[in-house]
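**Q** Dropping the structure in here first, questions after.
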Amino acid sequence: MDESQPLTRVEILLLGAFDFSYPREKVLRDAFRHVGATVRSCTYADEPMFPGLRKIILLPAIHLRLFAQILRLTRTGHTPDVIVVTRFNPILLPLAFVLSRYLGATLVYDLFVSLHRTAAMRGYARPVVWAVSIVEQLTYRLPDHLLVGTNQFIDLYAQMYNIPPDRFLRVPPAADEDRFYPRDAPKRAVFTALYWGNFLPHHGVDVILDAAAILDEQAPIEFVFLGAGPYQAR
């Protein structure tokens, strides 16, 4: 993509399966629109599908459906400058790579989290974890850029997948401003710390709980946890 091109003339294509009620996809889409880009989407399902046997079996149909949608867009004059493959879709990267080179578009992947590490944390069978790891190793070298949340993730993934650090772009975790914004409301009687998310090992819920236990002895702070997941009982 020409770096001198005004953002108001940039067309970004979101490719994958996503639910815009989920903060990650919505925040990315809204951020692109906020800087003036035109955002379009091609999807194969109503919600993300974790890599597995079902997704592999459906892969030919997924590719055909996405290719048909992209073809319709290009025929109406909407050729993307940037193709962004959304989270949980490494097996779409080969198709996206071929399309990006044919269309002259920059290819970006929202790496978001390491899928094989997530599978291991959730107790998936070792062959599944190994297979997902191989897919990641083979496909993550294809995009021009990969999106991650922190500098620590850049260091981790650059080493884990043997990818140059300069190919990563840091997009810090953000809030959905349609839900979270300053408003005039009375302060709570007790200082309150809110966690809103999934109760998963890699979200650091155990660290927050340990910190809450320490602070419970030192200050009147109320911790409120909203969400669901394996750590909910704890």
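The values are calculated or read from the model by the stated rules, or taken from the named source; none is laboratory data. Keep in mind that what you see is a predicted model, and the values were worked out from it rather than measured. With ideal geometry, Cβ positions are generated from the backbone for all residues, glycine too; neighbour counts draw on all protein chains shown. With ligands, DNA and RNA removed, areas are computed over all heavy atoms of the protein, side chains included. Shrake-Rupley method; radii C 1.70, N 1.55, O 1.52, S 1.80 Å.
**Q** Taking a ≥ b ≥ c as the square roots of the Cα gyration tensor eigenvalues, with a/c under 1.5 meaning rounded and otherwise prolate when a/b beats b/c, else oblate, which class fits region 97-177? Please report the intermediate quantities before stating the final value.
**A** Working: a/c = 1.76, a/b = 1.24, b/c = 1.42.
In terms of gyration-tensor shape, oblate.
**Q** Amide H of VAL39: which non-local residues (sequence gap of 5 or more, or other chain) have their own amide H closer than 5 Å, using H built in the peptide plane?
**A** Result for VAL39 returns ILE12.
**Q** For the chain, compute Rg over Rh where Rg is the Cα radius of gyration and Rh is the Kirkwood radius from the inverse mean 1/r over Cα pairs.
**A** Rg/Rh for the chain comes to 1.01.
**Q** Taking amide hydrogens as modeled 1.01 Å from N in the peptide plane, which residues meet the under 5 Å criterion relative to GLY149, leaving out close sequence neighbours?
**A** VAL171
**Q** Here's a follow-up. So if R0 is 45 Å, what FRET efficiency would ARG234 and LEU64 give, r being the distance between their Cβ atoms, rounded to the nearest 0.05? Let's see the in-between values first.
**A** Details: r = 44 Å, r/R0 = 0.99.
Using R0 = 45 Å, I get an efficiency of 0.50.
**Q** Heavy-atom accessible area per residue, region 101-146, 1.4 Å probe: how many Å²? Walk me through the numbers before you get to the answer.
**A** Values: 2350 Å² over 46 residues.
That works out to 51 Å² for each residue.
**Q** In nm, what is the difference between 0.36 nm times the number of residues separating ASN198 and VAL224 and their Cα-Cα distance?
**A** 8.0 nm
**Q** Further question: Roughly how many nanometres apart are two label points built 7 Å out from the Cα toward the Cβ at ASP210 and GLN137?
**A** 3.1
**Q** Which whole-Hz couplings ³J(HN,Hα) result when phi for each residue of region 116-122 is put into the Karplus expression 6.51 cos²θ - 1.76 cosθ + 1.60, θ = phi - 60°, listed in order with x for Gly and Pro?
**A** 6, 5, 5, 4, 5, 5, 8
**Q** If you build a Gaussian network model of the chain, linking Cα atoms that sit under 10 Å apart, which residue out of ALA185, ALA96, ALA158 swings the most?
**A** Taking springs between Cα atoms under 10 Å, the residue moving most is ALA185.
**Q** Projected area of region 130-234, taken from the Cα convex hull and averaged over every viewing direction, in nm²?
**A** Numbers: hull surface 40.3 nm².
Seen from a random direction, the Cα hull of region 130-234 projects 10.1 nm² on average.
**Q** Can you tell me the FRET efficiency between VAL128 and ALA189 if r is taken as the Cβ-Cβ distance and R0 is 45 Å, rounded to the nearest 0.05? Working shown, then result.
**A** On the way: r = 48 Å, r/R0 = 1.08.
For VAL128 and ALA189, the calculated efficiency is 0.40.
**Q** Ok, one more. Let me have the 222 nm mean residue ellipticity of the chain computed from DSSP H runs of 4+ only, each contributing -39500 (n - 2.57), with the sum over all residues rounded to the nearest 500. Before the final figure, lay out each step's value.
**A** On the way: 7 runs with 89 residues, N = 234.
-12000 deg cm²/dmol, from helical runs alone.
**Q** Let me ask something else. Sorting LYS55, LYS187 by accessible area (1.4 Å probe), largest first, what list results? Working shown, then result.
**A** On the way: LYS55 0, LYS187 190 Å².
My answer, sorted largest first, is LYS187, LYS55.
**Q** What helices does the chain have that are whole DSSP H segments, at least 18 Å long along their own axis by Cα, and with mean Kyte-Doolittle hydropathy of 1.6 or more? Could the numbers behind the result be given before it?
**A** Numbers: long enough: 53-75 (33 Å, 0.87); 126-139 (20 Å, 0.81).
Helices passing the filter in the chain: none found.
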